[in-house]
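The values are calculated or read from the model by the stated rules, or taken from the named source; none is laboratory data. All of these numbers come straight from a predicted model, not from anything done at the bench. Positions of Cβ are backbone-derived with ideal geometry, glycine not excepted, and every protein chain shown enters the neighbour counts.
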Amino acid sequence: MRRLLPILLLALALPAFAHAGGLTALTPGEVPALLKPPPHGERILAIWALDCAYCESNMQALAKLQRAHPHEITLVTIATDDIAQRRAIEQRLQHAGLEAYPARAYAAATPDRLNFLIDPDWGGETPHTLVIRADGSHLGISGELTPRQLQKLH
C-alpha cells in the first residue's frame, strides 16, 4: 500500500495539472470571472492573435515576469482567434513555450463584443495586455511592451 500511495496521489493530481494549461473557449458569460480581481497580486491577460507580429514576444516577456513573481502574478493568454482554430492556436502557444499557462480563445459570434467586455477602452488591436490587480484597478496596454512598461506591470 505504501508503494501505491505516491502513484495514487499523482493520479489524483494529474487533472489539476492538465487544467493549468490547455485551450478552452471564452464566451461573453465567462468574461466577468476573468475580470474579477484576484485575491492577491495580479492577473495578467495577454491578448493576442495568430496574425500578430509582436504578440509572441509580448507573451514570452509576460511569462518571464510571471516566473519571476510566481506567487504574485497569474498569467492567462487569450487568443482573439476563433476556438475553431484550436490546432493553430495550440501550436503557436507551444512554439512560444506558453502551453503550460491557462489559455482561452474566442468562442462568440461577435468578437467585437468580447473585446468590449474585456476592456471597454480597447479598440481590438493586438497585442493587448490587461492587468487586473487585487485592489480592483485595471491597466490596459496595447502594442509591443517596452522594458519600462513591463517594470510598471508589477
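Below are the figures for this structure:
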{"read-out": "The stretch 110-154, residues that are closer than 19 Å to TYR54 by Cα, in contact with an Asp or Glu (Cβ under 8 Å, 6 or more places away or on another chain) and not polar (S, T, N, Q)", "value": "GLY124, PRO127, HIS128, LEU130, VAL131, GLY140, GLY143, LEU153"}
{"read-out": "Set ALA100, ALA79: member being surrounded by fewer than 20 Cβ atoms within 10 Å (Cβ to Cβ), of a type in the set (A, V, I, L, M, F, W, C), in contact (Cβ under 8 Å) with a residue 24 or more places away in the chain and more than 23 Å from SER137 (Cβ to Cβ)", "value": "ALA100"}
{"read-out": "Conditions (1) modelled with pLDDT of 95 or more; (2) surrounded by 13 or more Cβ atoms within 10 Å (Cβ to Cβ); (3) more than 16 Å from VAL31 (Cβ to Cβ): number failed by SER137", "value": "(2)"}
{"read-out": "Of the criteria (1) farther than 18 Å from HIS154 by Cα; (2) within 14 Å of the chain's Cα centre (by Cα); (3) surrounded by 13 or more Cβ atoms within 10 Å (Cβ to Cβ), which one CYS52 fails", "value": "(2)"}
{"read-out": "Subset of the stretch 100-120 [at pLDDT 95 or above and touching a strand residue (DSSP E or B) at 6+ places or on another chain (Cβ under 9 Å)]", "value": "TYR101, PRO102, ALA103, ARG104, ALA105, TYR106, ALA107, LEU114, ASN115, ILE118, ASP119"}
